[in-house]
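Take a look at the structure set out below.
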Amino acid sequence: MVRESGAVKFRLRSTQDTQLNLQARKAFDERAAKDLQLYLNYNTRLPSIAGAAGMSPEEYRAERAAAMDEAREYEERVATHFQLWLPASGFAEVTLQAYNQARRAHLTPDGVTDPLDLPDWQGPAPHPYQAMDVRTMAAATGMLNGYDVGLGKTFTALMLIAYLRRLGRTVRPVVVVPAGLIGNWATNAAQALPGWRVVTVGMSQVFNEDGTPQTKLRRDGTLMVDSRGQPIPVWKEDSTSTRRLKLGQMTAGDVDLTIMSREAFTAIPLTTANRDRFVQTDEQYLARLEAKDTFDPKGKRSRQDVLKRIQAFQAKCTLRLKTAGEHDLLFEHLSIDLIAYDEAHAYKNAYSAPSCYGETPKFLGAGGEADRALDAIYKGRYVREKGGRTYAFTASWVKNSALEIHSMVSLISDDLPEFGLTTNEALMEQYLRIEPRIITNMDSSVDVRPAVVGFRRLRELKGIIASKVIVRKAGQPEVVTRSGEPLHVPRVRPVEVAFDMSPEQAAVYADLRVQARAASGAKTKEDHAFSVMWRMRKLTADPALLNVPGPNPRFEAIAREALKIRAQGAKPWCF
């Protein structure tokens, strides 16, 4: 048994004794070897269903459920056999040591909450938990900060950069943020680090002809101000020439901190050599491609088939990444030694979801592949290769899928393979419980599908996460102010707003109700039940979406409630 590019392969060895070879081949169970190789590559074979074409939908669902149960029973038999075999084998001790070092070697040190030594810092003094977490993050080459809203992610990120610069561990830090937040970051950086040379790439502040900054105005012509009562400046997207000029400043070393938009960051290409190298060594992709190569006991199938498949996929994968133009400034030229990603949940979908029993499990939650996520992962790997650091900041680092754990940690660390989690398939097999369940399909029919129903060894998974992710929430014992009082975070008070539809809306809604009653799962497109229900939701959200004239009662009701809440000194959030 060998491992090639992350996939397990079987090789049938021969001895010099021809007779022994013949006897061994006769006794060898080729089907069992193929099944075991598929299992070890997280792709357990699902028994075929004979006569499926002549079955009713109900009969086919029953047979498919039985086939999935049979596949699960096979997995349990293999696991049980291994558990019984290992203790008496000669591999028990080495396996135990490897497991303990990989899964149980992380120790969380006691935090130091003393004030940070930051001579350049003019921002808010760090709370004890912030000082503790800055030190913890600075001790690692990559971590993810999962502070809840209101706990100070932005200033914590700036503290971390200032602390690492104080220690001589970063010279050219870059913060990658949504374009709409560049102004907030620039304002906070100017307040906290007034002596630093800060440049924004991707967006620029707009100035009047007399050199004064343009500011945002309300509809009544009055100034819009921020939480500190300061006017909010107007920003615009950089032109290509402006962006190149700013990147030139970075290359020349004339900048202490760069705040860059996601779009500008993704637009900077890696060299072709580095881009291709990262694609060609990406274990997630290679393992999936190699796993498609089934066991060949006779050794007649050429390795070229696998290589061609890998080369074709790599060519497709490189299309997801920016290709350097003749006059482009390359990412490597910037000599970035620290990347901090704000709102890092935008990078959660680097890889597509794996399959189980021949299809993607329901409730796995993983979305499609995001090009910017793959680009960020590869650029982070390059920075860490050169001795740099990568950090991520988000209040919602995992939202819809356990597989987001793999993408988010891969964004800031290269350590997942040390835990045995080289791929999404490995994480799914080791920590998710997948069983057949009756599922409602998009056409309103029902089917038996593999579905995520829970976790396995969740405590162990949490231990791995704790080594890479810091999560803080208001109300936790550690989240206190410098005086030792619990940190005050404004409490969210839900308010439900009811409203009546306009006469125009009500008439169209009545027609849609008639259509919904007449719809069925057998109908398609516009006449399908789910399609009619979706139009009903759009109508109530905004009549204009269905070209219905007249006012929008929902927006008017929300606006009245928002004005009332603001008059009380609170801030409204609308969903």
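If you filter the range 473-511 down to residues that are of a type in the set (D, E, K, R) and over 34 Å from the mean Cα position of the chain (by Cα), you find that the one that is nearest to ALA395 (Cα to Cα) is GLU485. Take MET224 and decide whether it is among the aliphatic types (A, V, I, L, M), out of contact with any Asp or Glu (no Cβ under 6 Å at 6 or more places or on another chain) and more than 25 Å from ALA344 (Cβ to Cβ). Yes, satisfied. Only residues that are under 26 Å from LYS153 (Cα atoms), more than 30 Å from the chain's Cα centre (by Cα) and among the aliphatic types (A, V, I, L, M) were counted in the range 191-221, giving 1.
Do we have any residue at all in the range 243-253 that's touching a residue at least 60 places away in the same chain (Cβ under 8 Å), in contact with an Asp or Glu (Cβ under 7 Å, 6 or more places away or on another chain), of a type in the set (Lys, Arg) and open to solvent by 70 Å² or more (accessible area, probe 1.4 Å)?
no
Listed here are the residues, each with its yes/no results for (1) assigned to a loop (DSSP other than H, G, I, E, B); (2) in contact with a helix residue (DSSP H, G or I) (Cβ under 9 Å, 6 or more places away or on another chain); (3) on the phi > 0 side of the Ramachandran plot; (4) aliphatic (A, V, I, L, M).
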position: ARG219; (1), (2), (3), (4): yes, no, no, no
position: ARG228; (1), (2), (3), (4): yes, yes, no, no
position: SER241; (1), (2), (3), (4): no, no, no, no
position: ARG244; (1), (2), (3), (4): no, no, no, no
position: THR251; (1), (2), (3), (4): no, yes, no, no
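Of all the criteria given as (1) more than 30 Å from GLN97 (Cβ to Cβ); (2) touching a Phe, Trp or Tyr at 6+ places or on another chain (Cβ under 9 Å); (3) among the aliphatic types (A, V, I, L, M); (4) assigned to a loop (DSSP other than H, G, I, E, B), the one not satisfied by ALA402 is (1).
Which members of the range 419-432 meet the condition of being over 13 Å from GLU283 (Cα atoms) and either open to solvent by 30 Å² or more (accessible area, probe 1.4 Å) or more than 17 Å from the chain's Cα centre (by Cα) (or both)?
If the condition is that a residue be over 13 Å from GLU283 (Cα atoms) and either open to solvent by 30 Å² or more (accessible area, probe 1.4 Å) or more than 17 Å from the chain's Cα centre (by Cα) (or both), then PHE419, GLU429, GLN430, TYR431, LEU432 are the ones that fit.
Checked against (1) at pLDDT 85 or above; (2) closer than 26 Å to LEU403 by Cα; (3) outside any helix (DSSP H, G or I); (4) open to solvent by 30 Å² or more (accessible area, probe 1.4 Å), LYS462 meets all criteria but (3). Confirm whether ILE470 is outside any loop (DSSP other than H, G, I, E, B), of a type in the set (Val, Ile, Thr), modelled with pLDDT of 90 or more and surrounded by 15 or more Cβ atoms within 10 Å (Cβ to Cβ). Criteria met by ILE470. Filtering the range 352-374 to residues that are touching an Asp or Glu at 6+ places or on another chain (Cβ under 6 Å) and buried (at least 22 other Cβ atoms within 10 Å of the Cβ) leaves only PRO354.
Each residue in the range 388-404 was checked for being modelled with pLDDT of 90 or more, surrounded by 20 or more Cβ atoms within 10 Å (Cβ to Cβ) and of a type in the set (A, V, I, L, M, F, W, C), and 2 of them qualify. From the list ILE465, ILE412, the lone residue that is over 30 Å from ALA570 (Cα atoms), of a type outside the set (D, E, K, R) and out of contact with any Phe, Trp or Tyr (no Cβ under 8 Å at 6 or more places or on another chain) is ILE465. The condition of being open to solvent by 50 Å² or more (accessible area, probe 1.4 Å), acidic (Asp, Glu) and either farther than 18 Å from TYR147 by Cα or in a strand (DSSP E or B) (or both) holds for only one of GLU478, GLU496, GLU435, that being GLU496. On the given criteria, is ALA140 under 19 Å from ILE412 (Cα atoms) and not acidic (Asp, Glu)? Yes, satisfied.
Report whether or not SER204 is more than 28 Å from GLU385 (Cα to Cα), open to solvent by less than 30 Å² (accessible area, probe 1.4 Å) and hydroxyl-bearing (Ser, Thr, Tyr). In short, yes. The set of residues in the range 68-84 being of a type in the set (A, V, I, L, M, F, W, C) and without any contact (Cβ under 8 Å) to a residue 24 or more places away in the chain consists of ALA79, PHE82, LEU84. Here VAL198 fulfils each of the conditions (1) closer than 30 Å to THR44 by Cα; (2) among the aliphatic types (A, V, I, L, M); (3) surrounded by fewer than 21 Cβ atoms within 10 Å (Cβ to Cβ) apart from (1).
The values are calculated or read from the model by the stated rules, or taken from the named source; none is laboratory data. None of the values given here were measured: they were computed from a predicted structure. Reconstructed Cβ throughout: ideal geometry from the backbone, glycine too, with neighbour counts over all protein chains shown. Areas reflect the complete protein model, heavy atoms only, side chains present, ligands, DNA and RNA absent. Shrake-Rupley method; radii C 1.70, N 1.55, O 1.52, S 1.80 Å.
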